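The next block holds one structure in the form of structure tokens; read it before the comments.
The values are calculated or read from the model by the stated rules, or taken from the named source; none is laboratory data. Computed from a prediction, not measured in an experiment: that's the story for all the values here. Cβ coordinates were reconstructed from backbone atoms using ideal geometry, including for glycine residues, and neighbour counts include every protein chain displayed. Side chains are part of the model used for accessible areas, which takes the heavy atoms of the whole protein and leaves out ligands, DNA and RNA. Shrake-Rupley method; radii C 1.70, N 1.55, O 1.52, S 1.80 Å.
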Amino acid sequence: MTMKRRGNLFNQVTDFNHLCRSARLAAHGTFNRDSLSFMFDLERNVVELKRQLEGRQYLPGEYRTFCITDPKPRTISASPFRDRVVHHSLCGTLEPVIERYLIDDCYACRVGKGTVAAIERARVFVRRFERFAKLDVRHYFETADHGVLKAVIRRLVKDPGVLWLTDLFIDKGAPGSFPGKGMPIGNLTSQNFANLYLGPFDHFVKETVRVPGYVRYMDDILLFDDDAIRLKQAVVLATTFLEGMLLNTKDEAFRTGRTSDGVPFLGFNIFPAVIRFDRIRRRRFRAIVPTSGHRPAPRRQFPCRRGRTLGRPPRLVASENRCRTSGRPCHICDISDPKAVTKFVSRRVTRWLTDQPAVVSNYLWLSVCYTRRVV
């Protein structure tokens with residue numbers, strides 16, 4: 001896909017009002033010393049940052065690295081607050097350009113998209129097609145090539161100031177990565193650049209290979225088709241194209257089969273009529289739910305209404321007309337509406353959590369919203 005390259009963008013990145021808005025976005029929800037000191041003297045700091053950017057004297061600071069193990073081990077690289085302001089200013093300027101280039105079935109790090117929309121779109125294809133194939137890139141953030149990423153950005157942007165700034169962040173790389181490889185996990189620029197990196201792959205699959213069903217969330221890729229031979233050929237072409245972009249797929253994560261047997265995607269198994277936790281997420285969910293040291297109450301003691309017997313979380317799978325727990329009419333307006341289901345589930349879980357003696361992790365909120373049955 002060919003697009004007209006955009007110029008005259010660097011003035012927007014260095015605009016005083018735009019930098020002030022970016023600082024407020026970066027400071028939202030943060031109360032550390034770095035952000036508070038910057039916001040305390042906002043105008044003076046923004047003027048100094050603007051001067052450094054316009055004079056090409058700006059240099060990113062050192063990352064603060066730490067490790068997380070949930071859901072799997074990762075090294076997070078947090079930039080100083082001053083750099084995060086520039087990240088927001090740059091990404092806010094490039095967002096309209098990137099949005100025009102990405103296809104509709106790319107769901108990571110985009111306004112109006114996200115995991116919920118990706119799962120709902122995958123469920124549409126699960127109901128429409130008979131077979132699927134799942135691909136996953138091996139160590140995507142650690143192995144992304146800087147030269148390929150710069151070439152993709154130069155297809156869209158020709159402004160020398162913006163290209164200088166993007167090259168500055170790309171060349172800094174990730175701590176511990178090989179020269180010319182890797183993007184730091186935890187930066188706003190890394191999320192947007194990683195999503196853009198596979199933009200040519202999206203257009204290749206949809207416009208050249210012409211796969212009828214396609215969904216991508218960052219490096220998690222789903223292909224759908226009714227013909228098994230045609231789907232296998234598409235997988236071979238897609239894998240070859242990824243190798244040309246200096247990326248490799250995980251052989252152990254490759255899945256193919258019938259959609260009626262379930263499609264693993266983003267921690268869930270998607271069936272034509274139900275969305276369930278996968279094995280790992282189910283184990284994690286059970287580990288964080290408090291048992292209060294006693295046996296769980298029988299299922300019949302959990303009606304839909306208030307006054308139910310507590311001791312375990314309420315069942316969050318409801319049919320369109322009847323509750324799966326008590327058999328009484330369920331008052332969800334439209335079970336196919338994700339917002340209605342999320343509101344219903346959050347309300348029930350909130351009532352249950354307020355009466356429990358233990359504290360449950362916030363991980364519960366994202367997980368329970370997908371456990372529902374559609375009849």
- Evaluate the following for G199: is it small (G, A, S), open to solvent by less than 10 Å² (accessible area, probe 1.4 Å) and more than 16 Å from the chain's Cα centre (by Cα)? no
- Note on G176: of the conditions (1) at pLDDT below 90; (2) small (G, A, S); (3) within 16 Å of the chain's Cα centre (by Cα), unmet is (3)
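Report whether or not Y217 is closer than 26 Å to I103 by Cβ and out of contact with any Phe, Trp or Tyr (no Cβ under 7 Å at 6 or more places or on another chain). Explain how you work it out, then say what you get.
Values: closer than 26 Å to I103 by Cβ: yes; out of contact with any Phe, Trp or Tyr (no Cβ under 7 Å at 6 or more places or on another chain): no.
Spelling it out, it is not the case that Y217 is closer than 26 Å to I103 by Cβ and out of contact with any Phe, Trp or Tyr (no Cβ under 7 Å at 6 or more places or on another chain).
With the condition kept exactly as written, say whether any residue in the range 31-51 is among the β-branched types (V, I, T) and at pLDDT below 90. Full working, then the answer.
Let us first name the residues in the range 31-51 that are among the β-branched types (V, I, T), namely 46-47.
Adding the requirement that they be at pLDDT below 90 leaves none.
No - not one qualifying residue is present in the range 31-51.
Yes/no per residue for (1) within 20 Å of the chain's Cα centre (by Cα); (2) part of a strand (DSSP E or B):
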site: D251; (1), (2): no, no
site: G257; (1), (2): no, yes
site: S260; (1), (2): no, no
site: P272; (1), (2): no, no
site: R284; (1), (2): yes, no
- Query: Any residue in the range 111-127 that is touching a helix residue (DSSP H, G or I) at 6+ places or on another chain (Cβ under 6 Å) and part of a loop (DSSP other than H, G, I, E, B)?
  - Reply: no
- Task: Could you tell me which numbered condition W164 fails, if it satisfies all but one of (1) in contact (Cβ under 8 Å) with a residue 24 or more places away in the chain; (2) hydrophobic (A, V, I, L, M, F, W, C); (3) closer than 22 Å to M245 by Cβ; (4) open to solvent by 40 Å² or more (accessible area, probe 1.4 Å)?
- Result: (3)
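Yes/no per residue for (1) β-branched (V, I, T); (2) outside any loop (DSSP other than H, G, I, E, B); (3) exposed (fewer than 13 other Cβ atoms within 10 Å of the Cβ):
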site: V215; (1), (2), (3): yes, yes, no
site: R230; (1), (2), (3): no, yes, no
site: V235; (1), (2), (3): yes, yes, no
site: L246; (1), (2), (3): no, no, no
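Return the residues of the range 6-33 that are closer than 11 Å to H88 by Cα and open to solvent by 60 Å² or more (accessible area, probe 1.4 Å); say none if nothing qualifies. Working first, answer last.
Initially, the range 6-33 is screened for residues closer than 11 Å to H88 by Cα, giving 13, 18-27.
Across the range 6-33, the qualifying residues are R21, R24, L25.
Mind checking which residues of the range 84-132 are without any contact (Cβ under 8 Å) to a residue 24 or more places away in the chain and either under 30 Å from Y58 (Cβ atoms) or buried (at least 20 other Cβ atoms within 10 Å of the Cβ) (or both)? Full working, then the answer.
Filtering the range 84-132 down to residues without any contact (Cβ under 8 Å) to a residue 24 or more places away in the chain leaves 96, 99, 104, 111-114, 117, 124.
Selection gives P96, E99, V111.
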- Going by the conditions given, is E95 more than 19 Å from P175 (Cα to Cα) and either more than 25 Å from the chain's Cα centre (by Cα) or of a type in the set (F, W, Y) (or both)? no
- Task: Kindly indicate the residue of the range 128-144 that is in contact with a helix residue (DSSP H, G or I) (Cβ under 9 Å, 6 or more places away or on another chain) and assigned to a helix (DSSP H, G or I) and also nearest to F241 (Cα to Cα) among those meeting that condition.
- Result: Y140
- Message: Looking at F277, F285, F254, F268, can you tell me which residue is under 23 Å from D226 (Cα atoms), surrounded by 13 or more Cβ atoms within 10 Å (Cβ to Cβ), at pLDDT below 90 and touching a strand residue (DSSP E or B) at 6+ places or on another chain (Cβ under 8 Å)?
- Response: F268
- In the range 239-248, is there at least one residue being polar (S, T, N, Q), touching an Asp or Glu at 6+ places or on another chain (Cβ under 9 Å) and touching a residue at least 24 places away in the same chain (Cβ under 8 Å)? no
